[in-house]
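Novice: Sharing a structure with you now.
The values are calculated or read from the model by the stated rules, or taken from the named source; none is laboratory data. Note that the coordinates shown come from a computational prediction; the quantities given were computed from them, not determined experimentally. Counting neighbours? That spans all protein chains shown, and the Cβs are built from the backbone with ideal geometry, glycine included.
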Amino acid sequence: MSTQYDAIGRFGFRLCQNISDNLTERTADFRGGDGFETAVNSVLSTLLARQSALAIGLAESPLTWSGHIAPLVLRSMIDLLITYRWILLDPRQRSQEYISYGLGTEKLLTAHYQQKLEDGFEGADVKRIMEANMAWIESQQFQMFIAVNLGSWSGSSVRKMCDEIGDPDLYKFSYTPFSSCVHNMWNHVGKWNARTCDNPLHKQHAVGVIRDVWPIVDFVFRACKYLELVLDEFDRYYEYSSNLDTPITAFNAAVQELSEEWEKEDD
Amino acid sequence: MPKKEKKGRRPIPNYPILEGHVRDKKKLIPPILGIPQTTFISTIDLIFPEIVWVGILLEWYGLREGIEVISKILKKLWNAQTNVNWYRFSEIAANGDKLTIILNEEELANISVAFAAFRLTYDWPGLEWATSHDEAEEAKRRVELTVRKYANRFDQPYLTVVSTIIYAMAIADKMKFATGTVPDIEAIVIDWGSDRAEMAACSVRACSMAFFPHDGSEESEDWCKHFWRKNYQTSSCEWNEHAI
């Protein structure tokens, strides 16, 4: 059993290494694109890092490879992919809107904390949070010049964004199913956290349970897939090509090795 | 007719799933929910508790004799008081005084085993006339076994209960059928699993939906809620070991 346990560890490590290498190559002293378009370069680079962080977070944690946790991460990765592609349709305008929205959201949160303190809430932590938020905001722009957007950052729904990027299936078959997990909807909870009582006198009520499942490697594949799609968009925009294995190529090799080590142990 | 094998899952429909759906703001409404002047009620919630007494008598007498006993008594009750829904447990309990006038001692005794079991198990008023040799535990077991056997509305036992009521209504002239539309109740009893029985089952269920009205008042739901609440309190959850 310990050999299989180690094999899973090595599998995760190989993938994390590949993800980290792919990111570093594209971000460490990377000066592709137009040096004047700071917002575009910042957003595309940081979102790529975010996608990599999500993929690593999943790959290095086998206990998250289940329907309880993996969809939370994967849905975020799909959301990021949609956002990335949508920004690339009009990078200058949209990357600026993306940044402005984030600054405005942080400004609103800080204002809420401020109100809380004025209402008499006593908390030194809250004051520190306020100060840190404000410092972060004003390192980029004076807060008095920041508008707060109470609607969606893109001014559009995710479904419409997918239509615009030419991939409605991404919304229907990837984003929506995992959204049920994120929002704890019945079509997730009713499968993963429900067990039907067999007593007819109880009218088939469902009782809460945590379904116990073996780690599902396919979730890791999904993470590699959604990362690779973002890498492809990055490379296409910056006309960049890499000699490194793509995440999916690395996954296929790693899973082959995992499978061999696993069967060896079973024998 | 060859019997069909019971399948674990319903097949995927052979028509587009969203066919006929009408958009209403952010919802897509299926055709069946768009039928006007129609109220949907839950069979298990609001019908089953009203008719489970029939199951107890079918168990006590056996199917054929049970149908005879029940249909004769219901016919007599309807002949005497046509505006009462005598097949409903809550109406029988609410009209206990009339019951004891309309039915003779022997007839009351014939149905007492069922209503005494309910009296002892659920402590519901209006059933003082029902006597039985059952102790409270035995009565509770009797009800429990009946609920277990008859609760599934797609299965034969439940359909025999509904068929019994339909038969009783038909012989009491409370229900009439156009030529060629009489449900083949016999198929449910002797040929369960066949296409013929399945068609009869659909017919019987459709009849029950049309002829078992629910007035929606609080009083009419009181018994059903009491029934399920008591069952919930007095029995434990059960788990099929092999279920996923």
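Per-residue answers, yes or no, for (1) modelled with pLDDT of 95 or more; (2) more than 14 Å from A:Ser100 (Cβ to Cβ); (3) over 18 Å from the mean Cα position of the chain (by Cα):
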residue	(1), (2), (3)
A:Phe145	no, no, yes
A:Val158	yes, yes, no
A:Glu164	yes, yes, yes
A:Pro168	yes, yes, yes
A:Thr176	yes, yes, no
A:Ser180	yes, yes, no
A:Met185	yes, yes, yes
A:His188	yes, yes, yes
A:Asp198	no, yes, yes
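Novice: Right, something else. Could you tell me which numbered condition B:Trp124 fails, if it satisfies all but one of (1) out of contact with any Ser or Thr (no Cβ under 8 Å at 6 or more places or on another chain); (2) without any contact (Cβ under 8 Å) to a residue 60 or more places away in the chain; (3) in a loop (DSSP other than H, G, I, E, B)?
Specialist: If we test B:Trp124 against (1) out of contact with any Ser or Thr (no Cβ under 8 Å at 6 or more places or on another chain); (2) without any contact (Cβ under 8 Å) to a residue 60 or more places away in the chain; (3) in a loop (DSSP other than H, G, I, E, B), just (2) comes out false.
Novice: Separate question: Failed condition for A:Lys264, given (1) touching a residue at least 12 places away in the same chain (Cβ under 8 Å); (2) in contact with a helix residue (DSSP H, G or I) (Cβ under 7 Å, 6 or more places away or on another chain), with all others met?
Specialist: The number of the failed condition is (2).
Novice: Across segment A:211-234, what is the total count of residues that are assigned to a helix (DSSP H, G or I) and loosely packed, with under 15 Cβ neighbours inside 10 Å?
Specialist: Selection size over segment A:211-234: 2.
Novice: Of A:Ile99, A:Ile82, which residue is hydrophobic (A, V, I, L, M, F, W, C), in a helix (DSSP H, G or I), touching a helix residue (DSSP H, G or I) at 6+ places or on another chain (Cβ under 7 Å) and not assigned by TED's automatic domain parsing to the domain that holds A:Tyr226?
Specialist: A:Ile99
Novice: Still on this structure: How many residues does segment B:127-155 contain that are free of Cβ contacts under 8 Å to residues at least 40 places away in the same chain and under 18 Å from the mean Cα position of the chain (by Cα)?
Specialist: Of the residues in segment B:127-155, 3 are free of Cβ contacts under 8 Å to residues at least 40 places away in the same chain and under 18 Å from the mean Cα position of the chain (by Cα).
Novice: Next question, about the same structure. May I ask you to list the residues in segment A:177-210 that are away from chain B (no Cβ under 14 Å) and either in a strand (DSSP E or B) or touching a helix residue (DSSP H, G or I) at 6+ places or on another chain (Cβ under 7 Å) (or both)?
Specialist: Within segment A:177-210, A:Phe178, A:Ser179, A:Ser180, A:Cys181, A:Val182, A:Asn187, A:His188 meet the criteria.
Novice: Any residue that is among the β-branched types (Val, Ile, Thr), part of a helix (DSSP H, G or I), more than 14 Å from every other protein chain (Cβ to nearest Cβ) and within 29 Å of B:Ser235 (Cα to Cα) - is there at least one of those in segment B:152-160?
Specialist: Scanning segment B:152-160, I find at least one residue that is among the β-branched types (Val, Ile, Thr), part of a helix (DSSP H, G or I), more than 14 Å from every other protein chain (Cβ to nearest Cβ) and within 29 Å of B:Ser235 (Cα to Cα), so the answer is yes.
Novice: Determine whether segment B:214-229 contains at least one residue that is within 14 Å of chain A (Cβ to nearest Cβ) and either touching a Cys at 6+ places or on another chain (Cβ under 8 Å) or without any contact (Cβ under 8 Å) to a residue 24 or more places away in the chain (or both).
Specialist: Yes, some residue in segment B:214-229 is within 14 Å of chain A (Cβ to nearest Cβ) and either touching a Cys at 6+ places or on another chain (Cβ under 8 Å) or without any contact (Cβ under 8 Å) to a residue 24 or more places away in the chain (or both).
Novice: If you check B:Glu106 against the conditions, is it within 28 Å of B:Ala172 (Cβ to Cβ) and without any contact (Cβ under 8 Å) to a residue 40 or more places away in the chain?
Specialist: yes
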